[in-house]
Amino acid sequence: MLAGCRNHSASRDLPVPDEDNGGLLMPEGFRALVAQGDTVGTGRHLTVNENGDIYMKLRWQENDGHLVAMRDTTGDGRMDIVTRFGDPEPGARHSGIQMHKGYLYYSTDLHVYRYSLEPGELLPSSPPDTIVIDDHEHGIHQHITKPLTFDGHGNLYIPFGAPSDVCEEPRGAPGAMGEDPCSQLEEHGGIWMFDEDKLNQVQSEAVHYATGLRSVVAIDWNPVSDELYLVQHGRDHLNRNWRDYYSPWEAAILPAEELFRVSKGDDFGWPYCFYDQRKEKKILAPEYGGDGETVGRCEKAERPLIGFPGHFAPNDLLFYQGDQFPERYRNGAFIAFHGSTIRAPYPQGGYFVGFVPFENGRPTGEWEAFANGFAVIDPVVSTRDAYHRPMGLAEGPDGSLYISDSVMGKVWRVIYTGDRDSFGEEQLARMEEEKRTASNIRTPHEVDDNLEIGMYEGGEALYRSYCAQCHQPDGRGSEPRYPPLVDSERVTGDKDRLIRTIMYGAEGETVVGGQRFEGLMPAHDYLSNEEIGLISTYIRQNFANLTGWSSPRNRRVTEEDVRRVREEGPPN
């Protein structure tokens, strides 16, 4: 997905890498430079034109555009022209971008567009065409992003993600059972195939290519095997919602993020099934009667080629076609693991770029750690602690690998300066050790890596048990779904509103500190009055929420406060 024009001839006329490789650790012989620094905002995917120009999609619509064009005019590999563009679209967020047949295709949550680019032109001189329109009625939709890829035969492939975790009702509630059959699969939870040239298409005009896919951000067409591949984000909240079956440790590493080869008509099992990489089998979700062991109907679901540890957040997939890198990388799959948000009480996982060697369209070995160091810190306790998060991948015309960052829009260019013919196990050793030892890559130890054993009690223990997976242990949240609790009016304002939010949940857009968040807060009405009071008091007395109170008593939320609100009933 999202690769630029792929030229198979490598050039050894490469730029001088940064002395510290832009902070990255990679196999011996690989070097890196920062092609674009921390200046453009929240970057998403990127693509590279055949002349080396870089285009990147931003997460949010900005006044001066939500696309970024970059050009190196000096030949040193650093982008000295960086400019935003893109016609305004209210709420335009996320999604994909790719150069294809001289066009710059890009997507928002609800549209796919394309610009025509004249040879040598950095910015388009005419308005974009609209290729696809998402004409659904959307409320809170957890997986609305629309990455894109092309098969070389005139077809465009787009995921329509599921608007829930596991088609459960009420959404997000512990013990909630799933709808069976899941009606969401009619228009979501799958891949649709469109005509790459037809304007103003809607989903009903497209081919429903594959189903049973919860959330797909990493997708690419493999031109060697002429097949579609993707990596799926697995479901969430196994321990929060099903404590009898799954421990916090199991919820941190399960379920697998799955690498699939996709053929027309395939069913990958969501929401009924998920993949347990330890057992190497699809098992029945507890929302459909599963108990952590039962397979049942999941025997018929398509199995992944590889199951990665849970919550790594695979956000881009790229089949490498160049020959700048050693031969073992040719036709293999690079995967950008954006990084987890809900692994507490264990260190967060992901935040690196992985690699899977391929031959004849199939993996030839285990997955590898290719580039690490984006987060800077180890361990990553809360998502916002990470300095950078790898998001997008693209291949340049000389076979360089470009990696984008979602925190500040940084772009790295990875080059190979070693001897390609002698590359082997010795050069891979440092990253094999990284895979074994780095807390963001290795599987955490159930006891030794638990960051909270014996450390917390009372309201803090309850917060970390029920709230920290989403809002993070430090209360700073994680974009775009989980708002911070720091300096939030919902926290420091009327205590009854806070109680109702915890007890009955909330949905809709929330703005905290000028940042927008749109997600689902599940109801926690199963907690006792005492427990809700302790959690409420804890978050009102912590996370820099201590200032501005007329007295310490106002910070407290008592069991009686919660009882009164519960007796009043849910909000209208």
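The values are calculated or read from the model by the stated rules, or taken from the named source; none is laboratory data. The structure presented is a predicted model; accordingly, all values stated were derived computationally and were not measured. Don't worry about glycine lacking a Cβ; one is built from the backbone with ideal geometry, like all the others, and counts go over all protein chains shown. Please note that ligands, DNA and RNA were not included when accessible areas were found on the heavy atoms of the full protein model with its side chains. Shrake-Rupley method; radii C 1.70, N 1.55, O 1.52, S 1.80 Å.
Is the C-alpha gyration tensor of region 383-438 telling us rounded, prolate or oblate? Criteria: a/c under 1.5 is rounded; beyond that, a/b larger than b/c is prolate, otherwise oblate.
It comes out oblate by the Cα gyration axes.
Treating only the Cβ atoms of Lys and Arg (+1) and Asp and Glu (-1) as charged, compute the dipole magnitude of the chain about its Cα centre; round to the nearest 20 debye.
780 debye
Of all alpha-carbon pairs in region 284-392, indicate the percentage at a distance above 20 angstrom.
Summing the P(r) of region 284-392 above 20 Å gives 52 percent of all pairs.
Just the Kirkwood number for region 164-239, please: inverse of mean 1/r across all distinct Cα pairs, in Å, one decimal.
Every distinct Cα pair counted, the radius reaches 14.6 Å.
In nm, to one decimal, how far is the modelled label at residue 16 from the one at residue 109, with both set 7 Å along Cα→Cβ?
4.6 nm
Do the sum for the chain: with -39,500 (n - 2.57) for every DSSP H run of n ≥ 4, divided by all residues, what is the mean residue ellipticity at 222 nm, to the nearest 500 deg cm²/dmol?
-3500 deg cm²/dmol
Calculate, in nm to one decimal, what residue 247 and residue 186 gain on full extension: separation in residues at 0.36 nm each, minus their alpha carbon distance.
18.7 nm
Using only Cα positions of the chain, each an equal point scatterer, no hydration layer, compute I(q)/I(0) via Debye at q = 0.10, 0.12 Å⁻¹ and quote the log10 values to two decimals.
The calculated log intensity ratios at q = 0.10, 0.12 Å⁻¹ are -0.83, -1.19.
Of the options 466, 314, 54, report the single residue whose Cα projects farthest towards the positive end of the charge dipole of the chain (beta-carbon charges: Lys, Arg +1; Asp, Glu -1).
Projecting each Cα onto the dipole axis, the largest value belongs to 466.
For residue 435, list the lysines whose Cα falls under 27 Å from its own Cα; do not include residues on the same chain fewer than 8 positions away.
Correct list for residue 435: 279, 281, 282, 410.
With the other protein chains left in place, how much accessible area per residue, in square angstrom, belongs to the chain at a 1.4 angstrom probe?
Per residue, the chain has 38 Å² of solvent-accessible surface.
Determine, for each peptide in 64-71, 240-247, the mean count of other beta carbons within 10 angstrom over its residues, then list the peptides with the highest first.
Top to bottom by mean Cβ count within 10 Å: 64-71, 240-247.
So how long is each side of region 106-186 along the principal axes, counting just the alpha-carbon atoms, biggest first, in Å?
57, 26, 19
Long-range amide H contacts for residue 227: which residues qualify at under 5 Å (H placed 1.01 Å from N, peptide plane, sequence gap of 5 or more or a different chain)?
It is 222, by chain and number.
Mind checking which lysines have their Cα closer than 17 Å to the Cα of residue 146? Skip sequence neighbours fewer than 8 apart in that chain.
57
How many nm separate the modelled label positions at residue 425 and residue 74, each set 7 Å beyond the Cα in the direction of the Cβ?
That separation, rounded to one decimal, is 4.4 nm.
Straight-line reach from residue 495: which aspartates and glutamates have a Cα under 19 Å away, not including same-chain ones fewer than 8 places off?
460, 487, 507, 525, 530, 531, 559, 560, 561, 567, 568
Ranked from highest to lowest mean number of other Cβ atoms within 10 Å per residue, what is the order of the peptides 515-528, 320-333, 290-303, 385-398?
Top of the packing list down: 385-398, 320-333, 515-528, 290-303.
For a label point 7 Å from the Cα of residue 297 along Cα→C-beta, name the residues of region 199-226 whose backbone N is under 11 Å from it.
Taking a point 7 Å out along Cα→Cβ of residue 297, no residue of region 199-226 has its backbone N under 11 Å.
Beta carbons within 10 angstrom, averaged per residue: use that to sort the peptides 201-212, 228-239, highest first.
Ranked from most to least packed, the peptides come out as 228-239, 201-212.
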